[in-house]
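Heads up, the thing below is written out as structure tokens.
No lab work stands behind these numbers, since they all come straight from the coordinates. Quantities reported herein were computed from a predicted structural model and do not represent experimental measurements. Reconstructed Cβ throughout: ideal geometry from the backbone, glycine too, with neighbour counts over all protein chains shown.
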Amino acid sequence: MKRLVILISGRGSNMEAIVKACAAEGWPAEVAAVISNRPDAGGLLFAAERGIATAVVDHKAYASREDFDAELARVIDSFAPDLVVLAGFMRILTPGFTARYARRMLNIHPSLLPAFTGLHTHERAIAMGCKIAGVTVHFVTAELDHGAIVMQAAVPVLPGDDAKALSARVLTAEHRIYPQSVRWFVEDALMWDGERVTHRDGAAQQLLLA
Ligand code: GAR
């Protein structure tokens, strides 16, 4: 049984998709805890209702990123996770923190990396006239929104799209590829090849939605 700790900052719809898939598909895993840096994160309620342990480490209570990350690591480690899952966790992490969870921390980012790291990905994709947008699940390294890509999904940018419409289309894809990626991890289906990650049996690591 692999132990998962999921970090959120807000509504937690990706966390919810992972919790539900884990239960419905009988993964060899359990969600040991959901941790938020915001006390008012909507997703905490869902987790608590499912009987999952929750914790808050409020970044506003710490003088530096190092202090916050040290306390966050202490709380995470108290749940002894095999994998840390960043699911809309909106904090920049210190190199010490990312090194501690090297190759055992995943993130989801709402763009086709390496395009549009950082914030406001959908606004920027529309402003550039992108025809394709998407989402990436990747292992976390010290560099923001970099690290080995586990899976990507591409969706069209349609005429008349605003950021809200595009983010809704991308979110549907997020809810498919994040549970799939975490499942691969807990099933030991991911294989490192240098700095890249592939699926052991060659399963498609991309999802193309029309
Ligand atoms: C998701 O769209 C996720 O890709 C994005 O935040 C949203 C969280 O939604 N993450 C980032 O922008 C990370 N840089 P959720 O709380 O409903 O899962």
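Need pairs with beta-carbon distance below 6 Å; first residue in contact (Cβ under 8 Å) with a residue 60 or more places away in the chain and within region 185-207, second outside any strand (DSSP E or B); sequence gap 6+ or separate chains.
Pairs found: VAL186/TRP27; VAL186/PRO28.
If you take the residues in region 151-166 that are surrounded by fewer than 17 Cβ atoms within 10 Å (Cβ to Cβ) and of a type outside the set (A, V, I, L, M), which one is nearest to the ligand (Cβ to nearest atom)?
Within region 151-166, the match that is nearest to the ligand (Cβ to nearest atom) is LYS164.
In region 38-59, which residues are crowded, with 20+ Cβ neighbours inside 10 Å and either touching a Lys or Arg at 6+ places or on another chain (Cβ under 8 Å) or assigned to a loop (DSSP other than H, G, I, E, B) (or both)?
Within region 38-59, ALA41, GLY43, VAL57 meet the criteria.
Scan the strands (runs of 3 or more DSSP E) fully inside region 131-205 and keep the ones with 2 or more residues being among the β-branched types (Val, Ile, Thr) and in contact with a helix residue (DSSP H, G or I) (Cβ under 6 Å, 6 or more places away or on another chain). Break it down into steps so the answer makes sense when it comes.
Numbers: elements: 132-139, 149-156, 190-193, 196-199.
Filter on region 131-205 gives 132-139, 149-156.
Can you name the number of the only condition in (1) surrounded by 15 or more Cβ atoms within 10 Å (Cβ to Cβ); (2) within 13 Å of the ligand (Cβ to nearest atom); (3) of a type in the set (A, V, I, L, M, F, W, C) that CYS130 fails?
All conditions are met except number (2).
For residues in region 95-107 being more than 19 Å from ASP188 (Cα to Cα) and within 16 Å of the ligand (Cβ to nearest atom), which is farthest from the chain's Cα centre (by Cα)? Don't jump to the end; show me each part of the working.
Here is the first cut: in region 95-107, the residues more than 19 Å from ASP188 (Cα to Cα) are 95-100.
Filter once more, so that each one left must be within 16 Å of the ligand (Cβ to nearest atom): 97-98.
Numbers: PHE97: 16, THR98: 14 Å.
Result: PHE97.
Take the residues in region 61-118 that are of a type in the set (Ser, Thr, Tyr) and under 21 Å from SER181 (Cα atoms), then tell me which one is surrounded by the most Cβ atoms within 10 Å (Cβ to Cβ).
Residue satisfying both the conditions and the ranking: SER111.
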